[in-house]
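So the structure is just underneath, and the comments pick up after that.
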Amino acid sequence: MLAEWEVALVMGALRDDFCDAGGRPLVGSSISGVVRGVSDAGEALNQRFPNPSPQAFRTRVAAVGKRYGFHAVSIRLLRPRQLAPIVVVRTDRDRKAFVQDVPTIMRLLDPRSSSKNRGAVTFEGFFFQAQDVKGPFVRVDNVYRGEVMGGQWSWNRCIYPYVHSEPVGAKPCPE
């Protein structure tokens, strides 16, 4: 999941770098024959993100962690063009309860704003993973430069932070 996220970040940054170099715009790209990163009205070129300073972001992670019962194990700030954090946290909280708080935690770590039909996010990409004494139990990621995408993973197929669909024929999750 992390490798795919990093590839999506790099592809978006390269697309914008090619455009900035003055050549023809990069229309899209592919990996193993799968077309990705198509440039169109929905995938803006040369986006700018209102990144906080690295220190301000680390302070934000600590404050949100205090509020939601976690501490940062690792904070890496990738720079495809601007900042794209990889945040790994550790908690002693109940897994299910923590996963329910992940959407709020993400809104606080990667604030968004919207007005009319436009929206803005703070970072060009974000990767968040929570772990406890047993290891990782939830991951979420987003990319906003190039092809807008996101993903999530959970140790339990019935407990995710965001609504998702199940494969056809999957056993229903208990209520």
Around residue 103 (Cβ within 15 Å, Cβ-to-Cβ, excluding residue 103; K/R +1, D/E -1) the net charge comes to +2
Mean Cβ-within-10 Å packing, highest first, puts peptides 150-161, 120-131 in the order 120-131, 150-161
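Values in this text are rule-based calculations from the coordinates and carry no lab data. Keep in mind the model is a prediction, meaning the values are calculated, not measured. In this analysis, Cβ positions are derived from the backbone assuming ideal geometry, glycine residues included, and neighbour counts consider all displayed protein chains.
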